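**Q** What follows is a single structure, and I will ask about it in a moment.
What follows draws every value from the coordinates through simple rules; no lab data is involved. Computed from a prediction, not measured in an experiment: that's the story for all the values here. In this analysis, Cβ positions are derived from the backbone assuming ideal geometry, glycine residues included, and neighbour counts consider all displayed protein chains.
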């Protein structure tokens, strides 16, 4: 007996950026284990499968990266790239950063994060129209990450543009793995930071003692510090910027939710969770299969690449009632930050930035619409969100 | 030396199975068959290490109370 997969999903197809959800729904129902013959990868989309798989690092390894084309390129990855590591080495490296990203330490950043947000909004206050992504999405997370790493303010935009360019694949292309592993952007700072220690993350990483995988107590090498900084900058800029864009877009599409949030800002944290569920900025995560696995009566052979589609899992009706309904009161445990050892290190920071941006935007602009004809949605192989989102502010003449 | 002991509870409704607690303090925490963490015994000795594990949990799923006093240690009272 032969079965034919009638569903076709190409993660590199830019035409799918606008509304991938009907296709995800078909994959969940018709091809819960999907195989793409052209790009040679498997994909799973049901909530239970995504949750189980991402938590199982022994079977689904990060050692070759978490982006499909990087996994398939089969390249040597430098140590310290904790996104590309498995336990126990991963946990040793992650622990060094985890101290800085605990929910409590992140909460102490609130006044500074709010100041960056207000500064970003100042130039557009009173405007009848502005691009939310340009004003806040591209600005605020860059300032926050730059401040955490200790990058001088004047140099922060260059660092952001560098990492965005690395992750950008206009027109549905693939990422160049030499770019993504480059640490050039930070090389200039490390020597300077050694002579001028501060209370920033780079200084902390240079001085923190830890026991490495060989049982040796040491500090990180310069090369490792650079890799850590690149990982943090790459992961923290564009993803959070896209979250802020989705806030702007969804609040225009669901004005009754926006009015509720403006009237009662205590609802904002839960609304951010629903935005993360509904439109995750990182729609899927890749892993490398270490041993043959039986899934839906088929064998996924060792050596395969598999994509876990969190954006599909987030709308699995087996897990969420009426999943395509946007509901800011929903109690949601979405998959957007992942599950397991690689659960997003910056989750607390993303939540803080999302909440503050929402509070500050709603306070200044209680109502807006989007000029959809001039809005531009982009999907790279890692991130999906608005590149341009022109807001038309209500109540401004 | 303090002989104080703590009740350390992982909220399984919140736990997203990062495994970080068992990885950073394997003598105090272990993972169940679902990958969710829990304390190895009903009470743990009060220590900086255990507190740091609770603080480092990215979703703050680990709660600590004094075993005798019942007083909340983490998250700190009033937060």
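**Q** How do A:198, A:45, B:47, A:336 line up, fewest other C-beta atoms within 10 Å first?
**A** Arranged by neighbour count, lowest to highest, A:198, A:45, B:47, A:336 become A:198, B:47, A:336, A:45.
**Q** For the range A:47-168, go through all pairs of different Cα atoms, get the mean of 1/r, take its inverse, and jot down that Kirkwood value in Å.
**A** 17.6
**Q** Still on this structure, please answer the following. Can you sort B:5, A:319 from fewest to most other Cβ atoms within 10 Å of each residue's own Cβ?
**A** B:5, A:319
**Q** Testing the spin-label approximation: label points 7 Å from Cα along Cα→Cβ at residue A:372 and residue A:331. State their distance in nm.
**A** 3.4
**Q** I need the per residue convex hull volume for the range A:203-243, using only the alpha carbons, in cubic angstrom as a whole number.
**A** Taking only Cα atoms, the range A:203-243 has a hull volume of 80 Å³ per residue.
**Q** Across the residues of A:102-112, average count of Cβ atoms on other protein chains within 10 Å?
**A** 2
**Q** Looking at the square roots a ≥ b ≥ c of the eigenvalues of the Cα gyration tensor of the protein assembly as shown, which shape do they give, rounded for a/c under 1.5, prolate if a/b is larger than b/c, or oblate?
**A** rounded
**Q** Over its Cα atoms, what ratio of radius of gyration to 2.2 N^0.38 Å does the range B:16-74 give?
**A** In units of the 2.2 N^0.38 Å rule of thumb, it is 1.06.
**Q** Next up: Using a Gaussian network for chain A with springs between C-alpha atoms less than 10 Å apart, which of these wobbles most: A:144, A:89, A:383?
**A** Most flexible of the set in this elastic network: A:89.
**Q** Tell me the volume per residue, in Å³, of the convex hull enclosing the alpha carbons of the range A:297-375.
**A** Spelled out: Cα convex hull of the range A:297-375, divided by residues, is 205 Å³.
**Q** Please report how far the C-alpha centroid of the range B:4-68 lies from that of the range A:86-164, rounded to the nearest whole angstrom.
**A** The range B:4-68 and the range A:86-164 have Cα centres separated by 30 Å.
**Q** For n ≥ 4 DSSP H runs only, could you compute -39500 (n - 2.57) per run for chain B, divide by its residues and tell me the 222 nm figure to the nearest 500?
**A** That comes out to -4500 deg cm²/dmol.
**Q** Quick one, can you get me the convex hull of the C-alpha atoms of the range A:236-293 expressed as volume per residue in Å³?
**A** Looking at the range A:236-293, the number lands at 117 Å³ per residue.
**Q** Another one. Ranked highest first by average number of other Cβ atoms within 10 Å, how do A:356-363, A:208-215 line up?
**A** Packing order, densest peptide first, comes out as A:356-363, A:208-215.
**Q** If each Cα of the range A:274-315 is one equal point scatterer, what is log10 of I(q)/I(0) from the Debye formula at q = 0.14, 0.16, 0.24, 0.32 Å⁻¹?
**A** Values returned for q = 0.14, 0.16, 0.24, 0.32 Å⁻¹ are -0.42, -0.52, -0.79, -1.02.
**Q** Given contacts defined as C-alpha pairs under 8 Å and at least six residues apart, what's the relative contact order of chain A, whole-number percent?
**A** 27
**Q** Then there's this: Rounded, prolate or oblate: pick one for the range A:1-86, where a ≥ b ≥ c are the square roots of the eigenvalues of its C-alpha gyration tensor, a/c under 1.5 means rounded, and failing that, prolate if a/b is larger than b/c, else oblate.
**A** prolate
**Q** First measure r as the distance between the Cβ atoms of residue A:10 and residue A:30, then evaluate 1/(1 + (r/R0)^6) with R0 = 22 Å and state the FRET efficiency to the nearest 0.05.
**A** Result of the calculation: an efficiency of 0.85.
**Q** Next question. What ranking, highest mean first, results for peptides A:271-282, A:253-264 when packing means the other Cβ atoms within 10 Å averaged over each residue?
**A** Highest to lowest by the protection proxy: A:271-282, A:253-264.
**Q** Next question. Quick one: which of A:31-39, A:294-302, B:20-28 comes out on top by average Cβ neighbours within 10 Å, and what's the full order, highest first?
**A** Per-residue Cβ counts within 10 Å, averaged per peptide and sorted highest first, yield B:20-28, A:31-39, A:294-302.
**Q** Within 10 Å of each Cβ of A:90-100, how many other protein chain Cβ atoms are there on average?
**A** Partner-chain Cβ atoms within 10 Å, mean over residues of A:90-100: 3.
**Q** Now a separate question. As a footprinting exposure proxy, order A:242, A:364 by other Cβ within 10 Å, with the fewest listed first.
**A** A:364, A:242
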